[in-house]
Amino acid sequence: MMSCWFSSIVVWFILIIIIITTCNNLVESKCAFEAIFNFGDSNTDTGGFNAAFPSQGPPYGMTYFKRPTGRATDGRVIVDFLAQGLGLPFLSPYLQSIGSDFRHGANFATSASTVLMPQTSLFVSGVSPFYLGIQLQQFKLFKAKIDEFQSKGNTNLPPSDIFGKSLYTFYIGQNDFTGDLGSKGIGGVKEYLPQVVSQIVSTIKEIYGLGGRTFLVLNLAPIGCYPAFLVKLPHESSDIDECGCLISYNNAVVDYNNMLKDALAQTRKDLSDANVIYVDTHAVLLELFQHPTSHGLKYGNKACCGQGGGSYNFNQEVYCGNTKEVNGQTLSATACEDPYNYVSWDGIHATEAANKITANIILNDGSIFDPPFSLHKFCDIQPVG
């Protein structure tokens, strides 16, 4: 009898310890950022474009969600992992009318978005109408509606003071850079890149005026390493480096990134009480493309989802998930069975595996930030699975 009683006491003691430990972990898992507001293109779109123009089908979403979710990859995008790392739920797309929860932010990014106002229609060129200026207007309307509905107790909306407690992320500009690259060349594109940088800076300043104080601005990826651009962009064989990337186009990206970095440095002087951080994701992705096996991957310049096999597995006539009649042949662009081994998902976008590596470095390695910055000072960073 005494033995049973003693055993019961021990069991209850262990349960109490577990409960106390769990509660302490919950209390300690704090983050100064209660929300994320994201602005961008397909690299961080979590379903906005698909909500406006439903079109995405399999095999997109095959890895994590097991279904298409409007993300231009096999699973999660960078902003998904950032949200997880900060202990926040995935961001609902601003344009998604059903099932959204905006208590911890909103995602204004849509696939095919540009920084500058597009000069053509979506149905002509495929460029999204939701360029950065529109995304900013949507954010302003969002904030106005939060203030309006705050007194009505809507449970899917954040409190009106959330905007000063939020992280603002930008990953946009790739479509401005690549949209006319084939026709105008590097020189022609470089003529309007200062306007791209100026618009990003102007947007940051407007959001600062609305209460924003911490901004992460991700630079452009090394587009000269992406299978799609290796196939589509004109180049000589001498323009390919030892890792299989286009030298001239990557150099042009570096020039743009330096321009962005300098502009953000000036913006920090103008907004002295804000954190305006340049994030060198270019360096991370370049390393993945050049040395995939050093990071647990196998293929750098080859697309997982594509058609044609070979070095790039990309056919500009048949994009991922599509079937098309080409020269009398029916061609289908299908997905590989092991996207976790690839850097490139569909020739244009990164795989979930590459996005996870990039996000983990953003969350845990301040060396890619300018100026030096650590998210650990603001949050108890959670592991991302």
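The values are calculated or read from the model by the stated rules, or taken from the named source; none is laboratory data. None of the values given here were measured: they were computed from a predicted structure. With ideal geometry, Cβ positions are generated from the backbone for all residues, glycine too; neighbour counts draw on all protein chains shown. Quick note on the areas: whole protein, heavy atoms, side chains included, nothing else; ligands and nucleic acids left out. Shrake-Rupley method; radii C 1.70, N 1.55, O 1.52, S 1.80 Å.
Structure notes:
- C-alpha long axis of helix 352-364 to longest principal axis of the chain, angle in °: 60
- The stretch 275-373: projected area of the alpha-carbon convex hull, averaged over directions, in nm²: 7.2
- Cα principal axis extents for the stretch 74-201, largest first, Å: 52, 31, 28
- Helix-only [θ]222 nm of the chain, DSSP H runs n ≥ 4, -39500 (n - 2.57) each, per residue, nearest 500: -12000 deg cm²/dmol
- The residues of the chain expose, per residue, 45 Å² of accessible area to a 1.4 Å probe.
- Simple label model, 7 Å out from Cα along Cβ direction - Met259 to Arg67, nm: 4.3
- Averaging the sequence gap over all C-alpha pairs within less than 8 Å and six or more residues apart, then dividing by the number of residues, gives the stretch 53-122 a relative contact order of 17 percent.
- The chain: projected area of the alpha-carbon convex hull, averaged over directions, in nm²: 24.3
- Once the Cβ-Cβ distance of Asp338 and Glu148 is raised to the sixth power relative to R0 = 45 Å, the FRET efficiency obtained is 0.40.
- Surface share of carbon and sulfur [accessible, 1.4 angstrom probe, percent] for the chain: 55
- Principal-axis analysis of the Cα atoms of the chain puts helix 132-149 at an angle of about 30° to the longest axis.
- Full-stretch length increase - Ile98, Ser160 - with 0.36 nm per residue and alpha-carbon distance subtracted: 20.1 nm
- The stretch 170-312: projected area of the alpha-carbon convex hull, averaged over directions, in nm²: 9.9
- 19 Å reach of a label modelled at Leu331, 7 Å along Cα-to-Cβ, counting backbone N of the stretch 234-267: 234-235
- DSSP assigns beta bridges within the chain; of those with both partners inside it, close to 35 percent run antiparallel.
- Taking Gly75, Gly328, Gly87 as the candidate residues, the one with maximal mean-square fluctuation in a Gaussian network model of the chain, Cα springs under 10 Å, is Gly328.
- Net dipole in debye of the stretch 30-77 [+1 Lys, Arg Cβ; -1 Asp, Glu Cβ; about Cα centre; nearest 20]: 220
- Gaussian network model of the chain, Cα within-10 Å springs - most flexible of Pro68, Pro159, Pro59: Pro159
- Per-pair calculated FRET efficiency, R0 = 22 Å: Ser125 and Glu317 via Cβ, rounded to 0.05: 0.80
- Remark: spin-label model distance Lys140-Thr293 equals 5.4 nm, labels positioned 7 Å along the Cα→Cβ axis.
- Length gained on full extension, Lys324 to Lys377, computed as 0.36 nm times the residue gap minus the Cα-Cα distance: 14.0 nm.
- Charged side chains reduced to their Cβ positions (Lys and Arg at +1, Asp and Glu at -1) give the chain a dipole of some 860 debye around its Cα centre.
- Rounded to the nearest 10 degrees, the angle from helix 181-190 to the longest Cα principal axis of the chain is 70 degrees.
- Comparing mean-square fluctuations of Ala72, Ala263, Ala350 from a GNM of the chain with C-alpha springs under 10 Å, the top value falls on Ala263.
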